[in-house]
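Visitor: Structure in structure tokens, see below.
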Amino acid sequence: MTIDLFRQELQVLNVGLASFADAISSAGGKVLAIEWAPPARGDREVARALARLVNHPRVEAANRQAFDAYLSSQPVIEGIAVAHDAIPGLERRMILHAGPPVAWDKMCGPMQGAILGAAMFEGWARDLGSAAKLAASGKIVFAPCHHYSAVGPMAGIISPSMPVWVVRDQKADHRTFSTLNEGLGKVLRFGANGPEVIARLKWMSSKLSKVLVAALEVSGEIELKPLIAVALNMGDEVHNRNAAATSLLLKRLVSPMVRSKASRADVAAVVDFIAGNDHFFLNLSMAACKAMLDAARGVAGSSMVTVMARNGVEFGIQTTGTGDRWFTTPAPVVDGLYFPGYSMADAAPDLGDSAITETAGLGGFAMAAAPAIVKFVGGTPDQAIANTAAMGHITIGRNGAFALPQMNFAGTPAGIDARKVVDTGILPTVNTGIAHRHAGVGQIGAGITRAPLDCFTKAVTALASMVPDE
Amino acid sequence: MWHVPTAASVIRNFYRDSVALMQLSERLGKLPGIRQAAAIMASEANRALLREAGLATDQVEAGPNDLLIAIEADSEATLEAAMAEARGTFDRKPDNPTGASWREPPRSLEMGLEVMPAANLALISTPGEYAAAEATKALRLGLNVMVFSNNVALEDEVALKRSAGARGLMVMGPDCGTAILAGIPLGFANVVRRGDIGLVAASGSGLQHVSCLIDQLGHGVSQAIGTGGRDLHPQVGGLTMQQGLDALAGDPETRVIVLIAKAPAPEVAVRVLESAHGAGKPVVVNFLGANPKALETPKLHVAKTLEETAIVAVALSAGRKAADVGLPPSSLNLPRTDPGQRYVRGLYSGGTFCYEASLLLSEHLAPVYSNTPIGAAKPLADVWHSQAHTLIDLGDEVFTRGRPHPMIDYRLRNERIAIEARDPETAALLLDVVLGYGSHPDPAAEMAPAIAAAIAEAARDGRKLVVIGFVCGTEADPQNLKRQQARLREVGMIVTETNAQAVRVAARIVGSQRRVSAKAGRNDN
């Protein structure tokens, strides 16, 4: 082949010594200086594996396919059901938890506390002591929510009798699941397991879910993407802020609830409960995101991230091309803002499946949409926009269904490309709540954290070994 | 009734605020050839509005969560264009709405391409261990590559160059110190006039010297391609030199081609020269340490030195015959040294200059020692101590480990100048000075005091130390050739035009000295 460099205007990308770029521009040449740093903190083997995958035709095609599948997913609320009935494979003595797999004795405090609470709720134990013995005995099977198309915030505990949202992707006819949000304060997902927590769970599985089931029978399926889109225009990013989405959902449900067979007193209690919990929509946001990302699964060769999740010990990710394999690294402690009286020393390492929202281009990736909470997470509205813009450099494309008014209605950056994370060193932003490291204390702060690089370098290395040179 | 092209398009479960949609409707309606256009969320009320406006979309299935675009146009073509425009609105990337400073600096080649989509060359000067990976990425992204970095494995070089060849791209390097493409200096390069002489060089300082001499002789360079020092290694097989040769052969702006290498593998040299025959243009070859005289043909001119290479190339460029070219006579009055001063000591920053000097000096004097011996020269026992005639390449790894290159940092060379000056057997010191981008901003200012001190110290001992050197550069270089030469002459350095001239002068001083001491009193000058 011939070299056609001489027939084009020379335009140079300078990688390395900045003085070379200066020389080119002072000689009148066109040059752009790359702010280069050794990829993967200087791991040469990862750098090589990554180089092999850059602009690889098979990976590019696979990513387009996976991303299109993600875009075309249409999650709707199908209903509410008991976990054991709804979730295929969820057995009677099984408890699902957030993040990658973790053994009982390795679990963080909030997760252990939540499991004890769940054992009490299920009636497997009379008191916390016998619940702890049972949990340690190996007679309960623990598994990640993600292995069962489910997601849960913080400890993410799903036990067989709990009511779960059933979200259906109309396009793929695939179902995803999440629990119903309990609210703030002493709640199971932060490891609280006192009598009031169990009592609330009982009420949720009896009254709350019954009323919602009755209402959904009247309303029919509720499309989630348009609802999220409107919420983004109203200042939510549907991870750390769900005030608008919760209101929109309630608006959709009130009339069906009133028309349903549910009693007036029960409807009033349910409306009060939802109206009093700005995070009520979070679990639906997560199940919708899970549905969109499950649509992208199973595409060989794709470097698109389908899961980011934390179990309070490890941060783990999965990619489309590497299937169900987890790539994990110790979970960071979030350097966020703490409630009065608490500090980083009190915090459990990063916890929860809620990073599924960022994986789907929402949450921290849609930070530009939520100026109201940027202060809360220590930033300015400009920084929020900058952050969303930065995420555009590590993603496959933009999701036009989720337009950001603050960025001239461009779609959110979505479809994290593990290659780009390693190549640029720009780490995915995750908006998150912070749990106390001891069970039952609850939320002690919130902040922005970054998905750790090591998960992505491991995923890239694994993918490189699966994709032949081309 | 006339047929009016109409179309409706639905995006399912896709929300936009009504204000945004009204703006879009208005914009679509103003496109040439569009009669009516509407973008709505397809609620019953909104669809009723469409019906009233005469935009019938009743056959289209859409609900309140779906975005419906309906357009009526003069022709199918305008209709289609408007529909594409409408849908494109929703896939747009953000176009910096606030003009705020939220742009991330490019951190990877891929990010760089987002900012500069027409980029066609990556200049890589990372630490060597990462350079191959960056070069691989660059090739995969369709970029030509110049790898300035050294310490890249030979097998990586081979793989990169093969991959580049298959993609119609070029890899200059690794260890490619200099190139000039379309008049733009890359790496350590000089500001050289543009012209019709194209160069391909496996030697950085060789390329700099020849291109600067061409400039000084009033001619210019079309392209100067560096291949990296190992390109003519048997395993690499001259892939880049071959590519560069082909490219220059096909380049309409190039009339004369120059090939430069030091100590090429003979079989590779032969292969390259064979294809140089077919270039269809005159080719001047300077393969230091190889003797390809046998291959000389009317179209292929073999030059012995870098100086001769430039002179022949310029003659050919001017349409003269290479055979008519003579070397410039030296009209210097050679200074006289003492009988005890018997040796030449050369301290070089350019590896090729040291090579060339070794070859030339060995023709006149023996024994010649070097840390990078070639031809008749012998390896130095201790690179930190000179013996007999010694020529040192201070750019060699032994000297640059943990220290900047001697073209940037003159301290090591200045120290060595002082050491050689104290040696009563030193008659002549040979030095090179390299200008251009990347080099020290004012080499003469660094060297002049050291040279003055060396001459003064020898004089205190009653010796006449001769310092000879040349400046590789042009008047357009940031350091300015003439200014540098003048400053060095001021302190007593004999400044020649070329490396070869400097060596010849040194050889004559020491040679005449030897003859003087042999035949006492006879002036051989």
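Visitor: State whether one or more residues within region B:413-434 are crowded, with 19+ Cβ neighbours inside 10 Å and either within 14 Å of chain A (Cβ to nearest Cβ) or assigned to a loop (DSSP other than H, G, I, E, B) (or both).
Guide: Taking every residue of region B:413-434 in turn, none turns out to be crowded, with 19+ Cβ neighbours inside 10 Å and either within 14 Å of chain A (Cβ to nearest Cβ) or assigned to a loop (DSSP other than H, G, I, E, B) (or both).
Visitor: Can A:ALA81 be described as in a helix (DSSP H, G or I) and among the aliphatic types (A, V, I, L, M)?
Guide: Here the answer is no, as A:ALA81 does not meet what is asked.
Visitor: Within region B:365-412, take every residue that is in contact with a Ser or Thr (Cβ under 6 Å, 6 or more places away or on another chain) and not in a loop (DSSP other than H, G, I, E, B) and give me the one that is farthest from B:GLY340 (Cα to Cα).
Guide: B:ASP393
Visitor: Against the condition modelled with pLDDT under 95 and either more than 21 Å from B:GLN242 (Cβ to Cβ) or away from chain A (no Cβ under 11 Å) (or both), how does B:GLY168 come out, does it pass? It would help to see each step written out before you state the result.
Guide: Details: modelled with pLDDT under 95: yes; either more than 21 Å from B:GLN242 (Cβ to Cβ) or away from chain A (no Cβ under 11 Å) (or both): no.
Considered against the rule, which asks whether it is modelled with pLDDT under 95 and either more than 21 Å from B:GLN242 (Cβ to Cβ) or away from chain A (no Cβ under 11 Å) (or both), B:GLY168 comes out as no.
Visitor: Can you go through B:LEU121, B:LEU213 and tell me which one is at the interface with another protein chain (Cβ under 7 Å from one of its Cβ atoms), in contact (Cβ under 8 Å) with a residue 40 or more places away in the chain and on the phi < 0 side of the Ramachandran plot?
Guide: B:LEU121
Visitor: Only one of B:GLY187, B:GLY112 is touching a residue at least 40 places away in the same chain (Cβ under 8 Å), farther than 30 Å from B:ARG16 by Cα, of a type outside the set (A, V, I, L, M) and at the interface with chain A (Cβ under 7 Å from one of its Cβ atoms); which?
Guide: Exactly one of B:GLY187, B:GLY112 is touching a residue at least 40 places away in the same chain (Cβ under 8 Å), farther than 30 Å from B:ARG16 by Cα, of a type outside the set (A, V, I, L, M) and at the interface with chain A (Cβ under 7 Å from one of its Cβ atoms), namely B:GLY187.
Visitor: Being loosely packed, with under 13 Cβ neighbours inside 10 Å and closer than 14 Å to B:SER25 by Cα is the filter; apply it to region B:54-91 and report the residue that is farthest from the other protein chains (Cβ to nearest Cβ).
Guide: The qualifying residue farthest from the other protein chains (Cβ to nearest Cβ) is B:ALA84.
Visitor: Right, next: So if I check each of A:GLU182, A:GLU217, which one is of a type in the set (Asp, Glu) and not in a loop (DSSP other than H, G, I, E, B)?
Guide: Residue meeting the stated conditions: A:GLU217.
Visitor: Another one. For region A:214-225, check the following and say yes or no: at least one residue is buried (at least 16 other Cβ atoms within 10 Å of the Cβ), touching a residue at least 12 places away in the same chain (Cβ under 8 Å), more than 20 Å from A:GLU78 (Cβ to Cβ) and in contact with a helix residue (DSSP H, G or I) (Cβ under 7 Å, 6 or more places away or on another chain).
Guide: Looking through region A:214-225, none of the residues is buried (at least 16 other Cβ atoms within 10 Å of the Cβ), touching a residue at least 12 places away in the same chain (Cβ under 8 Å), more than 20 Å from A:GLU78 (Cβ to Cβ) and in contact with a helix residue (DSSP H, G or I) (Cβ under 7 Å, 6 or more places away or on another chain).
Visitor: Moving on. From the list B:GLY218, B:GLY165, B:GLY198, which one is farther than 26 Å from B:GLU397 by Cβ and either in a loop (DSSP other than H, G, I, E, B) or in contact with a Phe, Trp or Tyr (Cβ under 8 Å, 6 or more places away or on another chain) (or both)?
Guide: Only one candidate passes the filter, namely B:GLY218.
Visitor: Of the conditions (1) β-branched (Val, Ile, Thr); (2) in contact (Cβ under 8 Å) with a residue 12 or more places away in the chain; (3) surrounded by fewer than 21 Cβ atoms within 10 Å (Cβ to Cβ), A:THR380 clears all except one; give me its number.
Guide: Evaluating A:THR380 over (1) β-branched (Val, Ile, Thr); (2) in contact (Cβ under 8 Å) with a residue 12 or more places away in the chain; (3) surrounded by fewer than 21 Cβ atoms within 10 Å (Cβ to Cβ) leaves (2) as the failure.
Visitor: Just one of A:LYS133, A:LYS207, A:LYS139 is at pLDDT 95 or above and over 18 Å from A:ILE115 (Cα atoms); which is it? Break it down stepwise before answering.
Guide: On the way: A:LYS133 fails: over 18 Å from A:ILE115 (Cα atoms); A:LYS139 fails: over 18 Å from A:ILE115 (Cα atoms).
Going through A:LYS133, A:LYS207, A:LYS139 in turn, just one is at pLDDT 95 or above and over 18 Å from A:ILE115 (Cα atoms): A:LYS207.
Visitor: Just for region B:102-133: of the residues that are assigned to a helix (DSSP H, G or I) and in contact with a helix residue (DSSP H, G or I) (Cβ under 7 Å, 6 or more places away or on another chain), which one is modelled with the lowest pLDDT? Break it down into steps so the answer makes sense when it comes.
Guide: Restricting attention to region B:102-133, the residues satisfying the condition of being assigned to a helix (DSSP H, G or I) are B:109-115, B:128-133.
After this cut, where a residue has to be in contact with a helix residue (DSSP H, G or I) (Cβ under 7 Å, 6 or more places away or on another chain) as well, the list is B:109-111, B:129-130, B:132-133.
On the way: B:LEU109: 96, B:GLU110: 95, B:MET111: 94, B:GLU129: 89, B:TYR130: 93, B:ALA132: 96, B:ALA133: 96.
Among those residues, the one meeting the criterion is B:GLU129.
Visitor: On to the next question. Looking at B:ARG463, B:ARG483, can you tell me which residue is part of a helix (DSSP H, G or I), surrounded by fewer than 23 Cβ atoms within 10 Å (Cβ to Cβ) and not aliphatic (A, V, I, L, M)?
Guide: On the way: B:ARG463 fails: part of a helix (DSSP H, G or I).
The match here is B:ARG483.
Visitor: Mind listing whichever residues of region A:411-470 are within 13 Å of chain B (Cβ to nearest Cβ), closer than 19 Å to A:ALA360 by Cβ and outside any helix (DSSP H, G or I)?
Guide: A:GLY411, A:THR412, A:PRO413, A:ALA414, A:ASP417, A:ILE426, A:LEU427, A:THR429
Visitor: Given the residues B:ALA201, B:ALA159, B:ALA179, which is the only one that is within 11 Å of chain A (Cβ to nearest Cβ) and surrounded by 24 or more Cβ atoms within 10 Å (Cβ to Cβ)?
Guide: None of the others qualify; the one that does is B:ALA179.
Visitor: What pairs come up if the first residue lies in region A:130-145 and is closer than 23 Å to A:LEU351 by Cβ, the second is surrounded by fewer than 18 Cβ atoms within 10 Å (Cβ to Cβ) and among the basic types (Lys, Arg), and their beta carbons are under 6 Å apart, counting only those six or more places apart or on different chains?
Guide: A:ILE140/A:ARG93
Visitor: Give the residues of region A:1-42 that are more than 7 Å from chain B (Cβ to nearest Cβ), at negative phi and surrounded by 18 or more Cβ atoms within 10 Å (Cβ to Cβ), sorted by residue number.
Guide: Once the filter is applied, which keeps residues that are more than 7 Å from chain B (Cβ to nearest Cβ), at negative phi and surrounded by 18 or more Cβ atoms within 10 Å (Cβ to Cβ), region A:1-42 yields A:ALA21, A:VAL31, A:ALA33, A:PRO39.
Visitor: Further question: Being within 9 Å of chain A (Cβ to nearest Cβ) and in contact with a Ser or Thr (Cβ under 6 Å, 6 or more places away or on another chain) is the filter; apply it to region B:242-261 and report the residue that is farthest from B:LEU300 (Cα to Cα).
Guide: B:GLU253
Visitor: Please pick out the residue among A:ASN55, A:ASN63 that is within 24 Å of A:GLY301 (Cβ to Cβ), modelled with pLDDT of 95 or more and in a helix (DSSP H, G or I).
Guide: Exactly one of A:ASN55, A:ASN63 is within 24 Å of A:GLY301 (Cβ to Cβ), modelled with pLDDT of 95 or more and in a helix (DSSP H, G or I), namely A:ASN63.
The values are calculated or read from the model by the stated rules, or taken from the named source; none is laboratory data. Please read all numbers here as calculations on a predicted model, not as lab measurements. Please note: Cβ atoms are built from the backbone with ideal geometry, for glycine as well, and neighbour counts cover all protein chains shown.
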